[in-house]
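> Here's a structure for you.
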Amino acid sequence: CDVYVQPINYPTVAKKTERLRITPTPLHTDADIEHLVSSLHQLWSRCALARQVA
């Protein structure tokens, strides 16, 4: 989907608590953010991933 997201894995975080780091900048447009949200929604739905807000 042409989106770069940085994973945060063990040992930086505890096992089974891995997360994604998303860093928007002032150069990202509203359309860029909408694309990110849509891409994540598609991924989580397709892969049946749990959704948790930090």
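> With each run of n ≥ 4 DSSP H residues scored as -39500 (n - 2.57), what mean residue ellipticity at 222 nm is computed for the chain after dividing by its residue count and rounding to the nearest 500 deg cm²/dmol?
It comes out at -11500 deg cm²/dmol, rounded to the nearest 500.
> With all protein chains present, how much of the accessible area of the chain (probe radius 1.4 Å) comes from carbon and sulfur, to the nearest whole percent?
Solvent-exposed carbon and sulfur of the chain make up 57 percent of the total.
> Convert 10 °C to kelvin, take the viscosity as 1.306 mPa s, use the Kirkwood radius over C-alpha pairs of the chain as Rh, and evaluate the Stokes-Einstein diffusion coefficient in µm²/s, rounded to a whole number.
126
The values are calculated or read from the model by the stated rules, or taken from the named source; none is laboratory data. Predicted model, so just to flag it, every value in this text is computed and none were measured. Calculation scope for accessible area: heavy atoms of the full protein, side chains included, ligands and nucleic acids excluded. Shrake-Rupley method; radii C 1.70, N 1.55, O 1.52, S 1.80 Å.
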